[in-house]
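Report on one structure; see the data block that follows.
The values are calculated or read from the model by the stated rules, or taken from the named source; none is laboratory data. In this text, all values refer to a predicted model and were calculated from it rather than measured experimentally. All Cβ positions, even for glycine, are placed from backbone atoms using ideal geometry, and neighbour counts span all protein chains on display.
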Amino acid sequence: MDIDSVGAILYWCEGSKRDRDYRIEFVNSDPDMVRVFMKYLRAKRIDENRIRARISVHEQDDVAECTEYWKEVTSLRGSNFMSASIRRTSLARAPLPHGTLTVRYNSIALLRQIKEEITALAQELLRH
């Protein structure tokens with residue numbers, strides 16, 4: 001399977017679902033899924049300086065350690081990372097070891113392209 005198909009499917013599953021969106025926004029805690037999505041974005045020849053990443057962690061997590069972890073996973077620089085979102089510890093579920101990562105890229109043109117890829121994939125899959 002090619003990276004465009006896989007990336008579009010990942011965005012279809014884990015990307016923003018807002019109707020009036022102007023940016024790509026992908027959120028996940030699985031490092032391999034994030035790596036594949038980053039490979040997809042890079043295949044689109046994006047300007048990596050425009051990528052913004054934000055980690056979401058619980059208050060007991062080490063923000064610096066989690067940031068370093070996601071920097072390594074994404075191969076992004078520290079300047080790509082925004083301040084972390086810190087949440088209260090939830091008693092309802094176990095915290096994730098490195099929190100979640102949100103990857104954002106402001107480009108309505110690329111967002112439209114991704115949505116077109118998703119539509120084409122859905123139509124192809126539903127024909128069979």
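What to note about this one:
- If you go through segment 20-45 and keep only what is in contact with a strand residue (DSSP E or B) (Cβ under 6 Å, 6 or more places away or on another chain), more than 13 Å from LEU110 (Cα to Cα) and β-branched (Val, Ile, Thr), you end up with VAL27, VAL34.
- ILE46 vs. criteria part of a loop (DSSP other than H, G, I, E, B) and of a type in the set (Val, Ile, Thr): yes
- All of (1) under 15 Å from VAL27 (Cα atoms); (2) among the aliphatic types (A, V, I, L, M); (3) modelled with pLDDT of 95 or more; (4) out of contact with any Gly (no Cβ under 9 Å at 6 or more places or on another chain) hold for LEU41 with one exception: (4).
- Pairs linking a residue in segment 58-86 that is under 18 Å from ASP30 (Cα atoms) and among the charged types (D, E, K, R) to a residue that is modelled with pLDDT of 95 or more and surrounded by 11 or more Cβ atoms within 10 Å (Cβ to Cβ), with Cβ atoms under 8 Å and 6 or more positions apart or on different chains, are LYS71/ARG77; LYS71/PHE81.
- Whichever residue in segment 70-91 is over 20 Å from ARG50 (Cα atoms) and not basic (Lys, Arg) and, among such residues, is surrounded by the fewest Cβ atoms within 10 Å (Cβ to Cβ): LEU91
- Verdict on LYS17 being basic (Lys, Arg), assigned to a helix (DSSP H, G or I) and either free of Cβ contacts under 8 Å to residues at least 60 places away in the same chain or touching a strand residue (DSSP E or B) at 6+ places or on another chain (Cβ under 6 Å) (or both): no
- The lone exception for VAL103 - which of (1) under 16 Å from SER29 (Cβ atoms); (2) crowded, with 17+ Cβ neighbours inside 10 Å; (3) more than 15 Å from the chain's Cα centre (by Cα) it fails: (3)
- Residues that are of a type in the set (S, T, N, Q), within 29 Å of LEU76 (Cα to Cα) and either in contact with a Leu (Cβ under 7 Å, 6 or more places away or on another chain) or modelled with pLDDT of 80 or more (or both), drawn from segment 88-128: THR100, THR102, ASN106, SER107, GLN113
- Some residue of segment 55-68 being surrounded by 11 or more Cβ atoms within 10 Å (Cβ to Cβ) and of a type in the set (S, T, N, Q): yes
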